[in-house]
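Peer 1: Have a look at the structure that comes next, please.
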Amino acid sequence: PEAEHEMPMVASPGDLIVHHSLMIHRADANSTVRSRRAVGAIFYGESAQLDETKYAARQLEIKRRAAQIEGQTTESVGLAEITNRSQAWQAAKPLYQSSDNQSQ
């Protein structure tokens, strides 16, 4: 978007801003010595179903991208032991199943 169409949201330390995941948003550079923290949450309806193949592929993509961040390695992001999508799903499956069991 063009800068003239931006709508600034001024927040103070400790404030919480909530927005739709498709909303284009940004923040100016952090000019402090403290880390900026963020939390993301996704809510699914009861009828949502997991596509295991796509889920595993996405987890693998996330790990590959994370390994490219300065200071990270394939080992530090858990990618070294995952050699294909099937293994990515097997690595992620217990996490998905435990959250599924907690919601029942």
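Read-outs throughout are calculated quantities, based only on the coordinates presented, and are distinct from any laboratory measurement. Just so we're clear, the structure is a prediction, and the values are computed from it rather than from any experiment. Quick reminder, even Gly has a Cβ in these numbers, built from the backbone with ideal geometry, and neighbours come from all protein chains shown.
Peer 1: Report the FRET efficiency, 1/(1 + (r/R0)^6), for Glu81 and Thr53, where r is their Cβ-Cβ distance and R0 is 30 Å, rounded to 0.05. Write out the running numbers ahead of the final one.
Peer 2: Details: r = 20 Å, r/R0 = 0.65.
Calculated value: 0.95.
Peer 1: Could you give the spread of the C-alpha atoms of the stretch 7-77 along their three principal axes, from largest to smallest, in whole angstroms?
Peer 2: 41, 37, 19 Å, listed from the longest principal axis down.
Peer 1: Same structure, new question: Can you compute the modelled spin-label distance between Arg65 and Met23, with each label point 7 Å from Cα toward Cβ, in nm?
Peer 2: Distance between the two pseudo-spin positions: 2.1 nm.
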